[in-house]
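The values are calculated or read from the model by the stated rules, or taken from the named source; none is laboratory data. Predicted model only: the values in this text are computed from it and were never measured. When we count neighbours, we look across all protein chains shown, and the Cβ atoms used for this are built from the backbone with ideal geometry, even at glycine.
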Amino acid sequence: MKSSWKILLLWLLPSLLIVFFLWQSVFAPAATTTPEMSNAANSRMTYGRFLDYLEAGRIQKVDLFDGGQTAIIETTDVEIGGPVQRVRVALPGSAPQLIAKLREDKVDFDIHPDRNTGAVWGLLGNLIFPIFLIVGLFFIFRRSSNVPGGPGQAMNFGKSKARFQMEAQTGVMFDDVAGVEEAKEELEEVVTFLKKPEKFTAVGARIPKGVLLVGPPGTGKTLLAKAIAGEAGVPFFSISGSEFVEMFVGVGASRVRDLFKKAKENAPCIIFIDEIDAVGRQRGAGIGGGNDEREQTLNQLLTEMDGFEGNTGIIILAATNRPDVLDSALLRPGRFDRQVTVDAPDIKGRLEILSVHARDKKLAEEVSLKTIARRTPGFTGADLANLLNEAAILTARRRKEAITLSEIDDAVDRVVAGMEGTPLVDSKSKRLIAYHEIGHAIVGTLMKEHDPVQKVTLIPRGQAQGLTWFTPSDEQELVSRSQLKARMAGAMGGRAAEQVVFGDAEVTTGAGGDLQQVTGMARQMVTRFGMSDLGPLSLEGQQADVFLGRDLMSRSEYSDEIAGRIDAQVRELIQHAYEEAIHIVRDHRAAVDRLVDLLVEKETIDGEELRHILAEYTTVPEKERFVPQL
């Protein structure tokens, strides 16, 4: 709003000045008077009468003004009102004979030259508008030069947009990064090489030219780069991969050249390129030729990193979560000598991350970070930070002084499943959903290989009307065939409960997501893991997004006969899991009904309470759980 007023005033001021000067040049000359003219009386005389007076000898003196257009005369005409009067006479445009007549009659006359102020005002009026126009444009361009892509930056397209810090003050050190100890060790060597290069050069080691941070989103790749910037104490350049690419051909390559030129002037230094996959994708992946702006930028980047000239004292840090799409020339040693994997933390790493983010939060005495770490397998550093922040927000909303276990539990549910919805009030729908969730819980509890139940709830979250939470045993990098079958049966427990209790005609669409999950697991068992009658064969690669130009024309890796057998094996696995779930629900129908009544009443049942009630009807198998030492 303020900028609009400034622009309005900037254009209004020249307009007012132009109007003022036009008024001066048009109207002021007609109204201007000299001191001699102002002394004249208000009496006026016609030009004809003036000539008569001149013939009669009654004119004593004549003063000519305005280039001979106005005359002030002194006359002794008594009729006018006095012995000597000054009278104004308007003369014709040109009266050369008047001067001759005055000389002939020996009348004293004087010609007063004009004060030529009109030309000065006219000149100023002609100059003032261009001057103010130039000044206004200068301020507009100066203002727009701070706007990305503005007209003031028209000549700066080829300049690098990297943020430069002589000594990066990121506020992040290696002590602030937890849960990625292996990656920290790799990067600490880079910092040591920059601070004490003689320690490595003494044995013939050379500094790595590039380090590529690879890992899922939220694992701390950018945070590690900030820590390196804070620890190294050398000039630091940071830029995103998307900032190289413009719609103008050659701009990206020019920015790469400018970036490395500045880096060479400040070597030794670090260049951090975030999301490098935006500019480093494989070349030749476009249809109809790949000679586009992005590939030209990549070619220039490859040359600058390890070309004919080479770079000394420049370390390239890059981060990406899509290493599969990067060009092979970019990944080779000499450009990126190291690939550091930043994966989701284990239970020890999660505990360290929680300790870092809990420094500025007030936790109740009963809250144990170890318990939270055990309950959050698969959480990344960003997830854990968000978890504690959501718990703090809930604590403030509930007007509590410290974060309790209740806020931690609700925060975990919110991060995983979404915002809490309005509890169900329809008794029929509520009871049907209760049977569905208890079906999941009872099948998962009575199968030894299945993960234990944490809780069952009818409180809606996100798109789910009810949820059954399972706590997987930690660090499950390898999953057995029996575990996969148990998970499939547990997922089919909801549909099995609906069919046993309400019949085939009353099954609902609530099992749609469960069926997708089970089908995907069964197909992977057959085609990837070799867990079927087809034998130990890998018939499909790992599922990934189609990469344009490389995977667009996909081909089948097996014959039509094998495809039919795959479908038959998938159906057989799913049917076996479904029948097993139906068998468990049917044999424990009394326990199912009691648990449903309790769930409808309380809306949430804890896993321990569920196992305690179920133990009254049957033997609950003891789960084998891995409990790490913290």
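Hey, can you tell me all the residues within segment 440-499 that are part of a helix (DSSP H, G or I), more than 25 Å from Ser427 (Cα to Cα) and among the polar types (S, T, N, Q)? Across segment 440-499, the qualifying residues are Thr445, Ser482, Gln483.
Hey, among Gln517, Gln569, which residue is buried (at least 19 other Cβ atoms within 10 Å of the Cβ) and either in contact with a His (Cβ under 7 Å, 6 or more places away or on another chain) or at pLDDT 90 or above (or both)?
Being buried (at least 19 other Cβ atoms within 10 Å of the Cβ) and either in contact with a His (Cβ under 7 Å, 6 or more places away or on another chain) or at pLDDT 90 or above (or both) holds for just one of Gln517, Gln569, which is Gln569.
Across segment 372-412, what is the total count of residues that are of a type outside the set (A, V, I, L, M) and assigned to a loop (DSSP other than H, G, I, E, B)?
10
Screening Asp176 with (1) surrounded by 14 or more Cβ atoms within 10 Å (Cβ to Cβ); (2) modelled with pLDDT under 80; (3) closer than 19 Å to Ala263 by Cα gives one miss only, at (3). Taken as a whole, the structure leaves Leu331 outside the set of residues that are hydrophobic (A, V, I, L, M, F, W, C) and in contact with a Phe, Trp or Tyr (Cβ under 7 Å, 6 or more places away or on another chain).
Say whether the condition of being in contact with a Pro (Cβ under 8 Å, 6 or more places away or on another chain), under 30 Å from Leu317 (Cα atoms) and of a type outside the set (Lys, Arg) is met by at least one residue in segment 389-404. Break it down into steps so the answer makes sense when it comes.
Looking only at segment 389-404, we keep the residues that are in contact with a Pro (Cβ under 8 Å, 6 or more places away or on another chain), and these are none.
No, because not a single residue in segment 389-404 is in contact with a Pro (Cβ under 8 Å, 6 or more places away or on another chain), under 30 Å from Leu317 (Cα atoms) and of a type outside the set (Lys, Arg).
Determine whether segment 415-433 contains at least one residue that is in a helix (DSSP H, G or I), buried (at least 20 other Cβ atoms within 10 Å of the Cβ), aliphatic (A, V, I, L, M) and not assigned by TED's automatic domain parsing to the domain that holds Ala497.
Checked segment 415-433: no residue is in a helix (DSSP H, G or I), buried (at least 20 other Cβ atoms within 10 Å of the Cβ), aliphatic (A, V, I, L, M) and not assigned by TED's automatic domain parsing to the domain that holds Ala497.
Taking the stated definitions as given, is Glu437 assigned by TED's automatic domain parsing to the domain that holds Asp606, buried (at least 18 other Cβ atoms within 10 Å of the Cβ) and either farther than 22 Å from Gly510 by Cβ or charged (D, E, K, R) (or both)? For Glu437, the condition - assigned by TED's automatic domain parsing to the domain that holds Asp606, buried (at least 18 other Cβ atoms within 10 Å of the Cβ) and either farther than 22 Å from Gly510 by Cβ or charged (D, E, K, R) (or both) - is met. Among the residues making up segment 353-371, those that are in contact (Cβ under 8 Å) with a residue 40 or more places away in the chain and either surrounded by 19 or more Cβ atoms within 10 Å (Cβ to Cβ) or assigned to a loop (DSSP other than H, G, I, E, B) (or both) are Ile353, Lys361, Lys362, Leu363, Ala364, Val367. Looking at Arg350, is it more than 28 Å from Thr395 (Cβ to Cβ) and either in contact (Cβ under 8 Å) with a residue 60 or more places away in the chain or crowded, with 16+ Cβ neighbours inside 10 Å (or both)? No: the conditions fail for Arg350.
All of Glu390, Glu449 fail the test of being within 26 Å of Pro621 (Cβ to Cβ), buried (at least 18 other Cβ atoms within 10 Å of the Cβ) and in contact (Cβ under 8 Å) with a residue 24 or more places away in the chain, apart from Glu449. When Lys400 is tested against (1) touching a residue at least 40 places away in the same chain (Cβ under 8 Å); (2) within 41 Å of the chain's Cα centre (by Cα), exactly one condition is not met: (1). Can you find even one residue in segment 583-591 that is surrounded by 12 or more Cβ atoms within 10 Å (Cβ to Cβ) and either at pLDDT below 85 or touching a Lys or Arg at 6+ places or on another chain (Cβ under 9 Å) (or both)? Checked segment 583-591: no residue is surrounded by 12 or more Cβ atoms within 10 Å (Cβ to Cβ) and either at pLDDT below 85 or touching a Lys or Arg at 6+ places or on another chain (Cβ under 9 Å) (or both). Being at pLDDT 90 or above, surrounded by 13 or more Cβ atoms within 10 Å (Cβ to Cβ) and of a type in the set (Gly, Ala, Ser) is a condition met by no residue of segment 527-541. For segment 202-233, filtered to residues that are β-branched (Val, Ile, Thr) and at pLDDT 80 or above, the residue that is nearest to Leu302 (Cα to Cα) is Val211. Please enumerate the residues belonging to segment 307-336 that are under 23 Å from Ala232 (Cα atoms) and either part of a helix (DSSP H, G or I) or under 30 Å from the mean Cα position of the chain (by Cα) (or both). Of everything in segment 307-336, those that are under 23 Å from Ala232 (Cα atoms) and either part of a helix (DSSP H, G or I) or under 30 Å from the mean Cα position of the chain (by Cα) (or both) turn out to be Ile314, Ile315, Ile316, Leu317, Ala318, Ala319, Thr320, Arg335, Phe336. Taking only segment 304-347 into account, find how many residues are among the charged types (D, E, K, R) and surrounded by fewer than 18 Cβ atoms within 10 Å (Cβ to Cβ). Selection size over segment 304-347: 8. Could you please let me know if Lys400 is of a type in the set (Lys, Arg) and surrounded by 15 or more Cβ atoms within 10 Å (Cβ to Cβ)? Here the answer is no, as Lys400 does not meet what is asked.
With respect to Ser473, is the statement that it is more than 27 Å from Glu609 (Cα to Cα), among the polar types (S, T, N, Q) and modelled with pLDDT under 90 true? When the stated conditions are applied, Ser473 does not pass them.
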